[in-house]
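Report on the following structure.
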Amino acid sequence: MEICDVAVTESTANYRERVMAVEAAVLAAPQVELDYRHHFAHGVYAREMRVPAGTVITGQVHLYENLNILVKGALRLVTEDGHEDVSAPRVIVSPPGTKRAAIVLDDCIWITVCATDATTPEQAEAELVVPGYAEYATKQLEERA
């Protein structure tokens, strides 16, 4: 696995490999149209995602710390230690560099909350996330320069 010069522990490397394996399987399967709702307030963007039970989901890599709020339902998250079943209500603080993968056990409402001055979902996405770990490593290098 190429991770540029970003220091990664063995458990994180294994976690990343597991998340990417889940994503490869998801991309090879028929896609499900998800229900997204976007909310903006002073310096805050919240992306609400409604996901039916049985759906396997993966996200993009977040560039900055953010809040994840499981408002309704239950899911099984891929974690550094294998997996963790989480049920609503639940708040998770995700550090920079986080990419989530999960199977939805019960219909879910998941909200990701990020600090940004963006006013559209497209602007927020361009500022806050990248598709994969290689792009994340590149962004980190650019920010250090």
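Tabulated data
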| read-out | value |
| --- | --- |
| Cα gyration tensor, the range 85-145 - rounded (a/c under 1.5), prolate or oblate | prolate |
| Ordering of 121-133, 96-108 by packing [mean C-beta count within 10 Å, highest first] | 96-108, 121-133 |
| Cβ-derived FRET efficiency at R0 22 Å, residue 125 paired with residue 27, nearest 0.05 | 0.75 |
| In sequence order, calculated HN-Hα J values of the range 138-145 (Karplus, 6.51, -1.76, 1.60; Hz; x Gly/Pro) | 4, 4, 4, 4, 4, 5, 6, 6 |
| Distance between the range 26-97 and the range 115-145 - C-alpha centres, whole angstrom | 17 Å |
| Note, ³J(HN,Hα) from phi for the range 19-26, Karplus 6.51, -1.76, 1.60, rounded to Hz, x at Gly and Pro | 4, 5, 5, 4, 4, 4, 5, 4 |
| Net charge dipole size for the range 10-140 [Lys, Arg +1 and Asp, Glu -1 on Cβ; Debye, nearest 20] | 120 debye |
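No lab work stands behind these numbers, since they all come straight from the coordinates. Since we're looking at a predicted model, the values are computed, not measured. Virtual Cβ from ideal backbone geometry, glycine too; neighbours counted across all protein chains shown.
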